[in-house]
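Some notes on the structure that comes next.
The values are calculated or read from the model by the stated rules, or taken from the named source; none is laboratory data. In this text the structure is predicted, and so the values were computed from the model without any measurement. Glycine gets a Cβ as well: all are built from the backbone with ideal geometry, and neighbour counts include every protein chain shown. Side chains are part of the model used for accessible areas, which takes the heavy atoms of the whole protein and leaves out ligands, DNA and RNA. Shrake-Rupley method; radii C 1.70, N 1.55, O 1.52, S 1.80 Å.
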Amino acid sequence: MESPFWITESPIEPTALKKTLQGAASGAFASFEGWVRNHNEGKQVNALEYSAYKPLAEKEGARIIEEAKEKFAVEAATCVHRVGPLEIGDIAIWVGVSAPHRSASFEACRFIVDEIKARVPIWKREGYQDGLTDWINCPSQELRKPL
Amino acid sequence: MKIHVEYYAILKEQRGCSQENLDTDAATPRALYASLKGDHAFTLEDSDLKVAVNEDFASWDDALEEGDTVVFIPPVAGG
């Protein structure tokens with residue numbers, strides 16, 4: 001079976017992904033897109049790069065999708081996370097869930113995004129207008145080089 | 001004991017490489033990280049990190065074995 005979660009270096013194509021979740025038993029579809037924004041904690045973001053420990057990211061991501069299917073009445077669910085240099089407005093993460101009824105699709109979609117943000121080994125480095133960079137969520141950084 | 005270590009994100013930047021083979025006396029991931037942190041002035045504490053051995057999450061005090069691949073996982077920020 002194809003994995004329900006994967007890491008890609010290519011632009012995410014929601015229309016094609018959505019089609020893979022269609023089914024006659026599904027009366028509801030919910031999706032979430034995480035977009036690259038131009039500011040974070042008051043600083044202007046000019047450049048951004050995601051990276052991943054791909055083997056474990058894909059393993060843990062697939063576990064999260066399986067957990068969502070156990071917790072909620074879901075027909076199908078998929079999540080894709082992009083890595084590499086991204087631009088403002090690019091889709092960084094796409095989650096789609098189809099289900100017989102809407103509440104399960106909303107809840108499962110929210111669950112998947114929240115768990116991926118908390119558990120999957122993916123990292124974000126932001127570059128700011130002043131030329132400095134930050135590894136997001138990492139305390140006590142000393143290296144701050146341009147991206 | 002020969003151990004393969006891969007570095008990601010801030011650790012890759014601070015180590016200056018993405019992987020290396022080590023000959024180490026460290027018996028656990030915790031001891032291995034303490035040794036590497038001393039050698040390379042890593043800024044993260046082990047309490048900031050998770051650890052993976054052979055492509056799955058592991059415990060800091062698990063026994064390392066010859067040929068293991070170890071990855072220290074900085075705070076994640078996907079999504």
Query raised in the report: Rolling a 1.4 angstrom probe over the protein heavy atoms, how many square angstrom per residue are accessible across the protein assembly as shown?
Result: 50 Å²
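Report Rg(Cα)/(2.2 N^0.38 Å) for the protein assembly as shown, keeping two decimals.
Dividing the Cα radius of gyration by 2.2 N^0.38 Å gives 1.10.
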**Report entry** Compactness relative to 2.2 N^0.38 Å, alpha carbon Rg of the stretch B:2-73
**Finding:** 0.97
Query raised in the report: Using Cα atoms only, what is the angle between the long axis of helix A:102-119 and the major principal axis of chain A, expressed in degrees (0 to 90) to the nearest 10?
Result: 40 degrees
Report task. Measure off, as a whole percent, the carbon and sulfur share of the 1.4 Å-probe accessible area of chain A, all protein chains present. Result -> 49 percent
Query raised in the report: Taking all pairs of different Cα atoms in the stretch A:5-135, averaging 1/r and flipping that mean, what Kirkwood radius in angstroms comes out?
Result: 15.3 Å
Query raised in the report: What residues have an amide H closer than 5 Å to that of A:Glu75, excluding those fewer than 5 places away on the same chain, when H is modeled at 1.01 Å from N in the peptide plane?
Result: A:Ser98, A:Ala99
Report task. Report, by chain and number, residues whose modeled amide H sits under 5 Å from the one on A:Asn46, excluding near sequence neighbours (fewer than 5 apart, same chain). Result -> A:Gly127, A:Tyr128, A:Gln129
Requested in this report: Work out which residues of the stretch B:59-79 lose at minimum 40 square angstrom of accessible surface when the other protein chains are put back, relative to the chain isolated, with a 1.4 angstrom probe, and list them by number.
Outcome: B:Pro75, B:Val76, B:Ala77, B:Gly78, B:Gly79
Requested in this report: With θ set to phi - 60°, apply the Karplus curve 6.51 cos²θ - 1.76 cosθ + 1.60 along the stretch B:54-65 and write out the HN-Hα couplings as whole Hz, x wherever there is a Gly or Pro.
Outcome: 6, 6, 8, 4, 9, 9, 4, 9, 4, 6, 7, 10
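Would you please classify the overall shape of the stretch B:34-79 from the alpha carbon gyration tensor, given that a ≥ b ≥ c denote the square roots of the eigenvalues, rounded means a/c under 1.5, and beyond that prolate means a/b larger than b/c while oblate covers the rest? Write down the numbers at each step before the final one.
Values: a/c = 1.98, a/b = 1.12, b/c = 1.76.
The shape class here is oblate.
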Query raised in the report: Based on DSSP H runs of at least 4 residues, each adding -39500 (n - 2.57), what is the mean residue ellipticity at 222 nm of chain A after dividing by all its residues, to the nearest 500 deg cm²/dmol?
Result: -9000 deg cm²/dmol
Query - Percent of Cα pairs exceeding the 19 Å cut-off, where the set is the stretch A:51-102 - result: 38 percent
Query raised in the report: Among the lysines, which have Cα under 21 Å from the Cα of A:Lys18 when same-chain residues fewer than 8 positions away are ignored?
Result: A:Lys69
Query raised in the report: Taking the simple approach of a point 7 Å from Cα along Cα-to-Cβ for both B:Ser35 and A:Asn40, what is their distance in nm?
Result: 3.4 nm
Query raised in the report: In whole Å, what are the Cα extents of the stretch A:1-40 along the three principal axes, biggest one first?
Result: 41, 23, 14
**Report entry** Net charge dipole size for chain A [Lys, Arg +1 and Asp, Glu -1 on Cβ; Debye, nearest 20]
**Finding:** 100 debye
